[in-house]
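**Student:** This is the structure I want to talk about, given as structure tokens.
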Amino acid sequence: DRDEDDYLQEWVDYHILVGVEHFYIYDNESRIKVRQVLDAYIRRGWVTVIDISGFPMQLFAYDHCLQTFGRRSRWMGFIDADEVLVPKATTDLRELLAEYEQYGGLAVSSLFFGSGGCQRKPQSGQIAAFRLRTPEIHPFNKAVKSIVQPSRVLLPDSPHGFTFSQDFCCVNE
């Protein structure tokens with residue numbers, strides 16, 4: 001990601017609370033380097049930062065992550081720093097993903113949140129401040145992000161989908 005430093009610590013903290021065990025974050029020429037923003041998390045072993053440059057680099061980053069770090073992870077979620085994973089039936093993503101072990105991945109539907117009328121950056125953080133969202137039936141919400149089992153993925157097709165190994169596919173809830 002690029003220039004997501006305002007809320008990056010909050011994003012990492014939130015995802016740790018819902019069960020994410022490690023983060024591979026690609027820093028695409030941010031003005032304030034991700035390494036600087038997340039130094040404490042890197043030193044504790046929570047975060048690995050990979051510097052990349054150029055545009056567009058998202059699919060390169062996804063593929064590089066799968067090829068380089070995929071063997072270390074049972075599951076990998078491919079989301080941006082302005083996106084949060086909110087499990088409905090549990091507070092732990094690991095419990096949710098256990099129900100989908102037989103598949104190659106889980107497609108997570110998008111719900112878009114806006115500023116809620118905020119004119120300035122909220123002091124409370126983005127999760128607490130940005131609470132108004134599009135209705136579930138809104139056309140924007142047809143996009144998905146994926147949580148995949150790297151051992152069952154061949155390559156990323158787009159920021160929203162992957163090609164899976166034979167006999168595996170991505171499902172939604």
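The values are calculated or read from the model by the stated rules, or taken from the named source; none is laboratory data. These numbers were taken from a predicted model, which means no experiment stands behind them. Quick reminder, even Gly has a Cβ in these numbers, built from the backbone with ideal geometry, and neighbours come from all protein chains shown. We work out accessible area using only protein heavy atoms, side chains counted, and drop any ligands, DNA or RNA first. Shrake-Rupley method; radii C 1.70, N 1.55, O 1.52, S 1.80 Å.
**Student:** Need the failing condition index for Tyr7 against (1) modelled with pLDDT of 95 or more; (2) farther than 28 Å from Arg152 by Cα, just the number.
**Tutor:** In the conditions (1) modelled with pLDDT of 95 or more; (2) farther than 28 Å from Arg152 by Cα, Tyr7 misses (1) alone.
**Student:** OK, next. If you scan segment 45-64, which residues turn out to be assigned to a loop (DSSP other than H, G, I, E, B), surrounded by fewer than 17 Cβ atoms within 10 Å (Cβ to Cβ) and in contact (Cβ under 8 Å) with a residue 24 or more places away in the chain?
**Tutor:** Ser53, Gly54, Phe55, Met57
**Student:** Shifting gears a bit: So for segment 29-44 (the condition being open to solvent by less than 20 Å² (accessible area, probe 1.4 Å) and either modelled with pLDDT under 95 or under 24 Å from Gly104 (Cα atoms) (or both)), does at least one residue qualify?
**Tutor:** yes
**Student:** If you check every pair at least six apart or on different chains, which have Cβ atoms under 6 Å apart with a residue in segment 155-166 that is over 14 Å from Tyr103 (Cβ atoms) and modelled with pLDDT under 95 first and a residue that is open to solvent by 30 Å² or more (accessible area, probe 1.4 Å) and in a strand (DSSP E or B) second?
**Tutor:** Every condition considered, the pairs that remain are His160/Val144.
**Student:** Checking the conditions here, which among Tyr14, Tyr26, Tyr41 is of a type outside the set (A, V, I, L, M), under 28 Å from Arg131 (Cα atoms) and part of a strand (DSSP E or B)?
**Tutor:** Tyr26
**Student:** So, in segment 124-169, of the ones that are among the hydrophobic types (A, V, I, L, M, F, W, C) and within 16 Å of the chain's Cα centre (by Cα), which residue ends up surrounded by the most Cβ atoms within 10 Å (Cβ to Cβ)?
**Tutor:** Among those that are among the hydrophobic types (A, V, I, L, M, F, W, C) and within 16 Å of the chain's Cα centre (by Cα), it is Val148.
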